[in-house]
Amino acid sequence: MSIRIIPQDQPEKSDKTTAEMIPPLLFPRLKNLYSRRAARLRDLAAKNPLGDYLRFAAVIAEAQEIVLYDHPLHMDLHARLVQSASEEKPPLDIHTLPRDLHWHRLLHSLIAELKPEMSGQALAVLENLEKASASELETLASALFAGEFAQVSSDKSPFIWAALSIYWAQMASLIPGKARAEYGEQRQFCPVCASKPVASVVHMDPNDSSRYLHCNLCESEWYVTHNKCTYCEQTRDLHYWSLDSERAAVKAESCGDCGTYLKLLYQEKNPAVDPVADDLASLVLDARMEQEGFARSSLNPFLFPGEQ
């Protein structure tokens, strides 16, 4: 199955599919998103060997919450949605969507919020970013979106991505469309922006425990079925790993066919789980998966591949 986003005034197919029973796509709910994430990061930091870095990430998330509401985005995306639907492409595709300077304003506002909270190397990085030209910022953003992580200093990446994420999440929340599930490929990428997921979340539902992939950039979520690799869609050789117990709220699903793994977060076992926070706090599980020969199929906005 793949997911397409169509304009609200475009007629839908009438065939009965899973998409009519389970929402195939959930656009981001921005209210308190970053403040909840910050709280979760601080809670996880209390008993985690990576506590300092989790608290660092919490400070950035708190700044994102402030910047989000200080700089609301007003944009009409209907024409973009019509075009992307005709091309069968994600409407906010990171590889083709022209970037507005709005994200530069978000970054500079983020820097202003963070500077009083930072010291040492982190403060020097912020001051360096503050002096960067518009063209330099665009070059850095393009490199991150192209997956050329080595082209961007690892200490700059989280700040740049934090601003880009606010921008893309704002746009995603403004999309005047609806989603339709169809048979197709590339379910491993976000149907809104074509970025990677950070983790999968098994929602807490009294009738059905639906699994969604959570986008690491625009914060949208899209439905994927259980017991199928989210990267290659094979079902033959899946295994589930945890560090604590069978009832652990965070597990890893590995696929022997493609050699990748992705975290699963279970809201039923802990309603407070957050895709970004809990993925970052469970890096010991990542180390175990790498020892077993598996590679991540996801991307955490606070842990780019060049930093591992």
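The values are calculated or read from the model by the stated rules, or taken from the named source; none is laboratory data. The shown structure was predicted, so the numbers you read here are calculated from the model rather than taken from an experiment. With ideal geometry, Cβ positions are generated from the backbone for all residues, glycine too; neighbour counts draw on all protein chains shown. Note: accessible area is taken over every heavy atom of the protein model, side chains too, but ligands, DNA and RNA are not part of it. Shrake-Rupley method; radii C 1.70, N 1.55, O 1.52, S 1.80 Å.
If R0 is 25 Å, what FRET efficiency do you get for Arg288 and Ser153 from their C-beta distance, rounded to 0.05? If you can, show how the numbers build up before the last one.
Working: r = 29 Å, r/R0 = 1.15.
Approximately 0.30, to the nearest 0.05.
If each of Glu136 and Arg55 carries a label point 7 Å out from its Cα toward its Cβ, how far apart are those two points in nm?
Simple spin-label model gives 3.1 nm for this pair.
Along region 210-223, what does the Karplus equation 6.51 cos²θ - 1.76 cosθ + 1.60 (θ = phi - 60°) give for ³J(HN,Hα), rounded to whole Hz, x for Gly and Pro?
Result, rounded to whole Hz: 7, 9, 10, 7, 10, 5, 6, 10, 8, 6, 6, 10, 10, 6.
Report, in deg cm²/dmol and to the nearest 500, the calculated mean residue ellipticity at 222 nm for the chain, where each DSSP H run with n ≥ 4 adds -39500 (n - 2.57) and the sum is divided by the residue count. List each step's numbers first, then the result.
Details: 10 runs with 117 residues, N = 308.
Theoretical 222 nm ellipticity from helices: -11500 deg cm²/dmol.
Please list the equivalent ellipsoid semi-axes of region 143-262, computed as the square roots of five times the alpha-carbon gyration tensor eigenvalues, in descending order and whole angstrom.
Listed largest to smallest, the semi-axes of region 143-262 are 26, 20, 15 Å.
Apply the Kirkwood formula to region 66-132: the hydrodynamic radius equals the inverse of the mean of 1/r over all pairs of different alpha-carbon atoms; give it in Å with one decimal.
Values: mean 1/r = 0.0697 Å⁻¹.
14.4 Å is the Kirkwood radius here.
Report the label-to-label distance for His95 and Glu268 in nanometres (one decimal), using points 7 Å from each Cα along the Cα→Cβ vector.
3.7
Under 25 °C and 0.890 mPa s, how fast does the chain diffuse according to Stokes-Einstein, given a Kirkwood radius computed over C-alpha pairs? Answer in µm²/s, whole number. Before the final figure, lay out the partial values.
Working: Rh = 20.0 Å.
Reported coefficient: 123 µm²/s.
Using a basic spin-label model with each label point 7 Å from the Cα along Cα→Cβ, how many nm lie between Ala46 and Asn128?
Distance between the two pseudo-spin positions: 3.6 nm.
Pulled fully out, how much extra length does the chain show between Leu174 and Glu88, if you take 0.36 nm times their separation in residues and subtract their Cα-Cα distance? It would help to have the intermediate numbers written out before the result.
On the way: separation 86, 0.36 × 86 = 30.96 nm, distance 1.92 nm.
Here the segment from Leu174 to Glu88 would lengthen by 29.0 nm.
Quick check: the distance between the Cα centres of region 256-290 and region 28-53, to the nearest angstrom?
Answer, in whole Å: 15.
May I ask what percent, to the nearest 5, of DSSP beta bridges between residues of the chain are antiparallel? Before the final figure, lay out the partial values.
Working: 27 of 32 bridges.
The answer is about 85 percent antiparallel.
Given R₀ = 25 Å, FRET efficiency for Arg29-Arg236 by Cβ-Cβ distance, to 0.05? Can you show the working numbers first?
Working: r = 36 Å, r/R0 = 1.44.
It comes out at approximately 0.10.
Once the convex hull of the alpha carbons of region 237-308 is built, what does its volume come to per residue, in cubic angstrom? Write down the numbers at each step before the final one.
Values: hull volume 6.2 nm³, N = 72.
Each residue corresponds to 86 Å³ of Cα convex hull volume.
Over all directions, what mean area does the Cα convex hull of region 68-221 project, stated in square nanometres? Walk me through the intermediate numbers first.
Working: hull surface 44.3 nm².
Over every viewing direction, the Cα hull of region 68-221 projects on average to 11.1 nm².
Rounded to the nearest percent, how much of the accessible area of the chain (1.4 Å probe, protein heavy atoms only) is carbon and sulfur?
49
Could you give each residue of region 255-266 its phi-based ³J(HN,Hα) in whole Hz, using Karplus coefficients 6.51, -1.76, 1.60 with θ = phi - 60°, and x for Gly or Pro?
These are the phi-based 3J(HN,Hα) values: 10, x, 6, 9, x, 10, 9, 9, 6, 10, 10, 10 Hz.
Quick one: net charge of Asp274's neighbours, Cβ under 12 Å, K/R +1, D/E -1? Each step should come with its number before you reach the end.
Details: positive: Arg36, Arg37, Arg40, Arg42, Lys263; negative: Asp43, Glu219, Asp278, Asp279.
Cβ neighbours under 12 Å give a net charge of +1.
With the chain treated as a Gaussian network of Cα nodes joined by springs under 10 Å, which of Ala169, Ala124, Ala85 yields the largest mean-square fluctuation?
Comparing Ala169, Ala124, Ala85 in a Gaussian network model of the chain, the most mobile one is Ala124.
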